[in-house]
Amino acid sequence: MTSGRCQIREATDQDLDVLVGLLSLLFSPEADFDSDPVKQAAGLRLLMGEPRRGSVLVTEDDGEVVGMCSVQTTLSTVEGAEAALVEDVAVRPEHRGHGLGRSLVAGTEDWCLSRGIRRMQLLMDRDNGPAAFYRHLGWAETRLVACRKRLPSES
């Protein structure tokens, strides 16, 4: 349970193990993604190592990281400017329902606004009941469908 002494801040390298654990929780019900701690740690390091590219925000409860939200910048030809992709929003189950996710998303919005970004987007799993959370925060579904193609990795 949250104690009311929560704060949001940018993640640091010292948070990496906790962030990888949060991603594992996030990916566990996903049909499209597999949890791979080595890959997730590498991706987080890339994102945290290039602040212009994006950010990882965390929320703490009494000094313990209990939630995260990652955001990445992309260029939008529609906007003629940068847009943002919110990729990972995760809060430990025992800390859900106390506004931490809402605060993380609001912190991400502030991060975007401070950089002149005026459009955010995300992907959510249609089968993930908690994903309705985004609709409550004013996010609207589009008629676009996400597609992906995996390319061979170098050996």
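Of 95, 136, the sequence from fewest to most neighbouring Cβ atoms within 10 angstrom is 136, 95.
Under 8 Å for C-alpha pairs, at least 6 residues apart: give me the relative contact order for the chain, rounded to a whole percent.
Numbers: 203 pairs, mean separation 31.1, N = 155.
Relative contact order comes out at 20 percent.
Here the dipole of the chain is about 600 debye; that uses its Cα centre as origin and unit charges on the Cβ of Lys and Arg (positive) and Asp and Glu (negative). Calculated from the structure, Kirkwood radius over Cα pairs in Å equals which of (1) 21.2; (2) 15.7; (3) 16.4? Label (3) holds the value from this structure.
Readers should treat all values here as calculations from the given coordinates under stated rules, not as data from a laboratory. This one's a predicted model, so the numbers in the text were calculated from it and none came from an experiment. Don't worry about glycine lacking a Cβ; one is built from the backbone with ideal geometry, like all the others, and counts go over all protein chains shown.
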